[in-house]
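Since every read-out is calculated from the coordinates, none of them should be taken as a lab result. Please read all numbers here as calculations on a predicted model, not as lab measurements. So basically every Cβ, Gly included, is an ideal-geometry build from the backbone, and we count neighbours across all protein chains shown.
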Amino acid sequence: MLQHREIKKRFARIEREIEEAEIGCRSDATLPQQLKDCVMRWKRNSDEMKSLLDTENFARVAEYVDNMEQIGEQAETALRANVGVDDNLRRSVVHAHSELSYLKKKLH
């Protein structure tokens, strides 16, 4: 099990990647709606997770991580279906999903 400090540190990296993905989604009107929807759900969950991390309620944190990891899987599926997605956006989505998968494994 990860320590609270390590969870916060990892989540800060995830949050940066989600913010980069959000910027990428806003700057490209041609992106598939499914990808945009995933990134927006990620952003909402990320904002909620920030305040949740301060409570140290690990059961709820694990719940959010599970949900965010599933959103990441959906986002990667949308990426695979669309080859013309900007490389920076693609990297942000893949990296955030990878970090969430790692965090999910460590929290269970």
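Remarks
- The sum of -39500 (n - 2.57) across all DSSP H runs of n ≥ 4, divided by the residue count of the chain, sets its helix-only mean residue ellipticity at 222 nm to -29500 deg cm²/dmol.
- Check: the chain dipole with +1 on Lys, Arg Cβ and -1 on Asp, Glu Cβ, in debye: 240
- Normalised by the number of residues in the chain, the mean separation of alpha-carbon contacts (under 8 Å, six or more apart) gives a relative contact order of 42 percent.
- Across the cross-link table entries Lys9/Lys104; Lys43/Lys106; Lys8/Lys36; Lys9/Lys36, which are compared at the Cα atoms, the separations over 20 Å belong to Lys43/Lys106; Lys8/Lys36; Lys9/Lys36.
- What the Cα atoms of segment 4-107 give is an Rg and a Dmax of 13.2, 41 Å.
- Segment 35-98 and segment 1-31 have Cα centres spaced 7 Å apart.
- Using a simple spin-label model with pseudo-atoms 7 Å out from Cα toward Cβ, Asp86 and Tyr102 lie 2.5 nm apart.
- Comparing Leu53, Trp42, Cys25 along the charge dipole axis of the chain, the residue lying farthest to the positive side is Leu53, per the Cβ-charge model.
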